[in-house]
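Visitor: Dropping the structure in here first, questions after.
The values are calculated or read from the model by the stated rules, or taken from the named source; none is laboratory data. These figures come from a predicted structure and were not determined experimentally. Don't worry about glycine lacking a Cβ; one is built from the backbone with ideal geometry, like all the others, and counts go over all protein chains shown.
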Amino acid sequence: MRKILFIENDVSIAKLVSELLLKRVGNIETRSVPNISQAIELINKNDYFICVADTNLNDINIDAFLAKVAEKNLPTILLLDTIDDALRQKLSNIDNIDYLLKLSMDIYNHLAKNIHALIKNSEMTVLIAEDSMVYREMYKNILENQLFTVKTAINGQEALDIITQDVNNTIKLVVTDYIMPVMDGFELTAKLREMRQKDELAIIAVSSEGHDITTEKFLKFGANDFIKKPFSREELICRVNNTLEYLELIDTQKQMAHTDYLTGLYNRRYLMDTMNIFHANAVRGNLDYVVGMIDIDDFKTINDTYGHDAGDIIIRSLAHTLKETFRSSDIVSRIGGEEFCIVLTNVADQNIFQVFEKLRHSIAQKAVKIEEGIKIRYTVSIGICATIANTFEGMLKIADEMLYEAKHKGKNKVCPDF
């Protein structure tokens with residue numbers, strides 16, 4: 001669990017920040033102290049992920065504090081009322097120090113966002129393509145202090161080779177210079193865009209050639225952003241953060257497009273798009289798979305008797321059971337109302353019925369708490385199609401027919417097409 005140290009002498013503010021962090025970040029441990037002296041003692045004894053100091057920079061211990069976080073290489077965010085050029089210059093000389101200005105109470109939401117970004121950074125890899133050792137090491141130092149894992153290349157070809165070998169797409173950002181030997185930044189950007197789209201890999205181009213034509217050319221070749229040398233540490237950090245926020249936003253939109261809002265399962269759109277492609281490959285490769293349709297019995301009665309909130313609880317409970325039951329290689333989706341679809345691959349014929357029968361039985365035995373003092377049981381009916389049809393829609397239709405048969409036989413049944 002990541003530990004965060006917060007220096008704040010106002011207990012109510014400390015509590016507010018702790019709650020915001022837990023809500024946004026999740027699995028963290030926060031520790032608050034009222035002054036810098038106590039913070040230095042704790043930093044000496046503990047490993048903290050990050051330190052946040054809402055404190056007076058006129059404190060007699062401030063220099064000792066800044067020296068200590070630098071010594072421990074502890075990422076630190078200072079919350080400041082104001083900042084002048086002298087202070088900005090002083091802080092810029094300490095690699096792991098950042099600051100936020102307390103312009104309003106929204107500063108604490110902004111703080112939680114920044115800490116969340118640092119946590120994401122710690123799980124992300126950045127590639128630097130730069131032939132100048134001085135600039136390469138400067139970028140590397142700045143980004144490592146933002147908790148990124150950093151790889152480096154001395155020219156475009158070396159960078160391209162690294163990306164080609166990155167089969168799991170762990171590298172999310174490339175920072176590339178323009179003029180390099182072997183392969184320049186333009187050619188590298190163009191080749192990277194042939195491999196990965198803007199929403200998969202971000203590219204920030206850097207050059208002392210800051211003419212409009214250079215910027216335009218990089219952006220047209222597929223770069224997400226362009227920075228002219230020389231630039232400050234703060235500018236690079238802000239540009240990187242803004243670019244990665246764009247990737248995260250696109251990823252969130254993608255998830256929303258194919259995820260059911262209530263359960264977090266895949267939705268019907270994702271199921272159909274994915275399975276139409278999968279089915280064609282299965283037919284060509286002579287591969288078998290199974291489609292199961294699951295429907296909650298008497299769901300309208302549950303809603304009418306206990307209310308729609310209870311119905312939502314039942315749907316989420318079933319979704320949780322399905323996620324726990326099936327493998328990550330299977331597709332579990334909610335395709336509408338109280339109806340779910342399961343696609344199983346690599347299942348032996350003799351095990352198909354047993355898998356769904358065991359699921360049906362376990363659901364029927366489970367009592368779900370819908371409010372204090374009230375638990376209810378519910379059952380499901382299941383239809384199975386294990387016969388490869390001409391299309392996935394054809395298999396879905398057969399599974400639906402088997403589901404209807406299970407309902408017709410009295411519900412709480414499993415009916416296969418074999």
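Visitor: Go through segment 190-203 and give me each residue that's closer than 16 Å to residue 166 by Cα and in a helix (DSSP H, G or I). Even if it seems obvious, please write down each step before you answer.
Guide: Start the filter on segment 190-203 by keeping residues that are closer than 16 Å to residue 166 by Cα, which leaves 191-197, 200-203.
Of everything in segment 190-203, those that are closer than 16 Å to residue 166 by Cα and in a helix (DSSP H, G or I) turn out to be 191, 192, 193, 194, 195.
Visitor: Scan 117, 112, 129 and give me the residue that is in contact with a helix residue (DSSP H, G or I) (Cβ under 9 Å, 6 or more places away or on another chain), at pLDDT 95 or above and not assigned by TED's automatic domain parsing to the domain that holds residue 91.
Guide: On the way: 117 fails: at pLDDT 95 or above; 112 fails: at pLDDT 95 or above.
Among 117, 112, 129, only 129 is in contact with a helix residue (DSSP H, G or I) (Cβ under 9 Å, 6 or more places away or on another chain), at pLDDT 95 or above and not assigned by TED's automatic domain parsing to the domain that holds residue 91.
Visitor: So, in segment 273-289, of the ones that are within 13 Å of residue 393 (Cα to Cα) and surrounded by 16 or more Cβ atoms within 10 Å (Cβ to Cβ), which residue ends up farthest from the chain's Cα centre (by Cα)?
Guide: Let us first name the residues in segment 273-289 that are within 13 Å of residue 393 (Cα to Cα), namely 273-280.
Those still in the list that are surrounded by 16 or more Cβ atoms within 10 Å (Cβ to Cβ) too: 274-275, 278-279.
Details: 274: 21, 275: 24, 278: 25, 279: 29 Å.
The selected residue is 279.
Visitor: Moving to a separate point now. Looking at segment 376-396, can you tell me whether even one residue there is more than 27 Å from residue 261 (Cβ to Cβ) and either part of a helix (DSSP H, G or I) or not assigned by TED's automatic domain parsing to the domain that holds residue 296 (or both)? Quick ask: steps written out before the conclusion?
Guide: Taking segment 376-396 as the starting set, the residues that turn out to be more than 27 Å from residue 261 (Cβ to Cβ) are 384-391, 394.
Pick out the ones that are also either part of a helix (DSSP H, G or I) or not assigned by TED's automatic domain parsing to the domain that holds residue 296 (or both) and you get 394.
So far as segment 376-396 goes, yes, one or more of its residues are more than 27 Å from residue 261 (Cβ to Cβ) and either part of a helix (DSSP H, G or I) or not assigned by TED's automatic domain parsing to the domain that holds residue 296 (or both).
Visitor: Related question: For the subset of segment 101-138 comprising residues that are small (Gly, Ala, Ser) and closer than 26 Å to residue 206 by Cα, which member is surrounded by the most Cβ atoms within 10 Å (Cβ to Cβ)?
Guide: 129
Visitor: Please go through segment 259-284 and pick out each residue that is at pLDDT 90 or above and among the polar types (S, T, N, Q).
Guide: The answer is 259, 263, 267, 274, 276.
Visitor: Okay, next question. Under 6 Å between Cβ atoms, at least 6 apart or on separate chains: pull out the pairs that start in segment 21-34 with a residue that is among the charged types (D, E, K, R) and end on any residue that is assigned to a strand (DSSP E or B) and modelled with pLDDT of 80 or more.
Guide: Listed pairs, sorted by first residue: 29/3; 31/5.
Visitor: If you check 405, 371, 339, which single one turns out to be surrounded by fewer than 16 Cβ atoms within 10 Å (Cβ to Cβ) and at pLDDT 95 or above? If you could, list the steps in order and put the result at the bottom.
Guide: Values: 371 fails: at pLDDT 95 or above; 339 fails: surrounded by fewer than 16 Cβ atoms within 10 Å (Cβ to Cβ).
Unique residue meeting the criteria: 405.
Visitor: Got a sec? Which of 240, 206 is in a helix (DSSP H, G or I), of a type in the set (A, V, I, L, M, F, W, C), surrounded by 15 or more Cβ atoms within 10 Å (Cβ to Cβ) and at pLDDT 90 or above? Full working, then the answer.
Guide: Values: 206 fails: in a helix (DSSP H, G or I).
Only one candidate qualifies: 240.
Visitor: Mind counting the residues in segment 62-81 that are at pLDDT below 85 and outside any helix (DSSP H, G or I)?
Guide: Looking only at that region, the number is 1.
Visitor: Now a separate question. Considering only segment 135-155, state which residues are over 11 Å from residue 237 (Cα atoms) and not in a helix (DSSP H, G or I).
Guide: Once the filter is applied, which keeps residues that are over 11 Å from residue 237 (Cα atoms) and not in a helix (DSSP H, G or I), segment 135-155 yields 147, 148, 149, 150, 151, 152, 153, 154, 155.
Visitor: Could you tell me whether any residue of segment 136-155 is under 25 Å from residue 168 (Cα atoms) and aromatic (Phe, Trp, Tyr)?
Guide: Within segment 136-155, one or more residues are under 25 Å from residue 168 (Cα atoms) and aromatic (Phe, Trp, Tyr).
Visitor: Here is a further query. Determine if segment 315-324 includes at least one residue that is assigned by TED's automatic domain parsing to the domain that holds residue 405, of a type in the set (A, V, I, L, M) and over 25 Å from residue 408 (Cα atoms). Please lay out each step first, then the result.
Guide: Quick first cut of segment 315-324, residues assigned by TED's automatic domain parsing to the domain that holds residue 405 only: 315-324.
In the following step, the residues that additionally are of a type in the set (A, V, I, L, M) were identified as 315, 318-319, 322.
Add one more test, that the residue is over 25 Å from residue 408 (Cα atoms), and what stays is none.
No, because not a single residue in segment 315-324 is assigned by TED's automatic domain parsing to the domain that holds residue 405, of a type in the set (A, V, I, L, M) and over 25 Å from residue 408 (Cα atoms).
Visitor: Another question, then. Please indicate, with yes or no, whether at least one residue in segment 110-124 is assigned to a strand (DSSP E or B) and more than 19 Å from residue 142 (Cβ to Cβ).
Guide: Of all residues in segment 110-124, those assigned to a strand (DSSP E or B) come to none.
So far as segment 110-124 goes, no, none of its residues is assigned to a strand (DSSP E or B) and more than 19 Å from residue 142 (Cβ to Cβ).
Visitor: Go through segment 335-359 and count every residue that is touching a helix residue (DSSP H, G or I) at 6+ places or on another chain (Cβ under 9 Å) and not small (Gly, Ala, Ser). Spell out the reasoning first.
Guide: So the first thing to find is which residues in segment 335-359 are touching a helix residue (DSSP H, G or I) at 6+ places or on another chain (Cβ under 9 Å), and the list is 335-345, 347, 355, 358-359.
If we keep only those that are not small (Gly, Ala, Ser) too, we end up with 335, 338-345, 347, 355, 358-359.
Adding up the residues that qualify gives 13.
Visitor: Pick out the one residue from 52, 17 that is crowded, with 16+ Cβ neighbours inside 10 Å and in a helix (DSSP H, G or I). Before you say what the answer is, go through the steps one by one.
Guide: Details: 52 fails: in a helix (DSSP H, G or I).
Every option except 17 fails the conditions.
Visitor: Among the residues of segment 1-14, write down those that are within 15 Å of residue 79 (Cα to Cα) and exposed (fewer than 15 other Cβ atoms within 10 Å of the Cβ).
Guide: If the condition is that a residue be within 15 Å of residue 79 (Cα to Cα) and exposed (fewer than 15 other Cβ atoms within 10 Å of the Cβ), then 9, 10 are the ones that fit.
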